[in-house]
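Chemist: Mind looking over this structure? Questions follow.
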Amino acid sequence: MKKIFYVLSITLLFSCYNSAQVSEKQQAVIDAKPVVVALQTGKARAYFASGCFWCVEAIYESVKGVEEVINGYSGGYTNNPTYDASNTGRTGHAEAVEVIYDPEIVSFATLVDVYFGSQNTTQVNGQGPDRGSQYRSIIFYQDDVQKKIIEEKKAALAKELDATIAAEIYPFQKFWKGEDYHQNYERLHPNQGYIRNVSVPRLNLFKSKFPELLKENHKH
C-alpha cells in the first residue's frame, strides 16, 4: 500500500506543499550550545522533524502522556521563517514539532522510539512523497543525557537494519511556531486528500506497531 500512496503523491492533491521549489540539501548552521527548556508545571518539551508536520503532529498526539503538539520550524539559520519561505528549501529550516509531555507518563527515550518507529528511517531529505531539505529528519537534544539517548538508539537501529539512518542530531536552538492554520491540521481536515492518502495511513501504521503507547481514544 505504501507504494500506491507514493504514486498518488505525484499529483498536486496529495502533496503536503504542492508549489515548493526543492533545492539541494542545505545544512543549517548551528553552533549554539544545547538550550535546556525548563519544565513548566511538571511538563517537558521535546523537538522533532520527520517530514510533513501535519503527519508528525497526529502521531505524537496519539501517544499517552503527550499533552499538546505544536507545528513549526527549526534547524535553520533565518529568523521568523514562514511556510512559504521554509518550503523553498533555502532557509535551512525543517518542518518540526514541539511535543509538550508529562515525563511521569512518557519518557524522552520513548518519544525517540516513537520518532524512529513512525518514519522511513533511511530516507534522506524527506518522508514519503515530501522531498527536500525542509522535510528532512532531525532530532533535537537539550542536554547531554538526551544526546546520548538519541545517539545510542540511532546506532542500535543502524546495526539492526544494516543501513545508514538519515536522522540528523542537532542541539536545540530555536523553535518557531507555525501559522495558526497548520495547528491540529489532521483533526480539522480529515477529508483533505493528503491527509486521507498519506497522513492517516502513516498514523495507522504507527498505531499498529505501538498499540501499548496509545491513548484510550486512539485505540481500536
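Chemist: Counting Lys +1, Arg +1, Asp -1, Glu -1, what net charge surrounds Leu203 among other residues with beta carbon under 12 Å of its beta carbon?
Modeler: Working: positive: Arg187, Arg196, Arg202, Lys207, Lys209; negative: Glu57, Glu61, Glu186.
Once positives and negatives cancel, what remains is +2.
Chemist: Under 1.5 on a/c is rounded, so check that first for the range 37-189, then, if it is not, pick prolate when a/b is larger than b/c and oblate when it is not; a ≥ b ≥ c are the square roots of the alpha carbon gyration tensor eigenvalues. Kindly include the intermediate steps, with their values, before the conclusion.
Modeler: Numbers: a/c = 1.40, a/b = 1.07, b/c = 1.32.
Cα axes put the range 37-189 in the rounded bin.
Chemist: Which entries of Lys174/Lys209; Lys154/Lys215; Lys159/Lys219 have Cα-Cα distances beyond 28 Å here?
Modeler: Numbers: Lys174/Lys209 31 Å; Lys154/Lys215 26 Å; Lys159/Lys219 31 Å.
Where the Cα-Cα span goes over 28 Å, the pairs concerned are Lys174/Lys209; Lys159/Lys219.
Chemist: What aspartates and glutamates does Lys148 reach when the alpha-carbon gap must be under 16 Å and sequence neighbours fewer than 8 apart in one chain are set aside?
Modeler: Here the aspartates and glutamates satisfying the reach criterion relative to Lys148 are Asp113, Glu168.
Chemist: When a footprinting reagent is the concern and you count Cβ atoms within 10 Å, what order do Thr164, Thr82 take, fewest first?
Modeler: Working: Thr164 9, Thr82 14.
So the residues, fewest neighbours to most, are Thr164, Thr82.
Chemist: Near Lys43, which aspartates and glutamates are there with a Cα under 16 Å away, not counting those fewer than 8 places off in the same chain?
Modeler: Glu61, Glu67, Glu68, Glu98, Asp102, Glu104
Chemist: A follow-up question, please. Which net charge results for the neighbourhood of Gly76, defined as the other residues with beta-carbon distances under 12 angstrom from its beta-carbon, given Lys and Arg at +1 and Asp and Glu at -1? All intermediate terms of the calculation are to be shown ahead of the outcome.
Modeler: Numbers: positive: Arg90, Arg136, Lys174; negative: Glu95.
In short, +2.
Any read-out appearing in this document is the output of simple, stated calculations on the displayed coordinates, not a laboratory observation. Note that the structure is a prediction, hence the values are computed from the model and not measured. Note: ideal-geometry Cβ built from the backbone for every residue, glycine included; neighbour counts use all protein chains shown.
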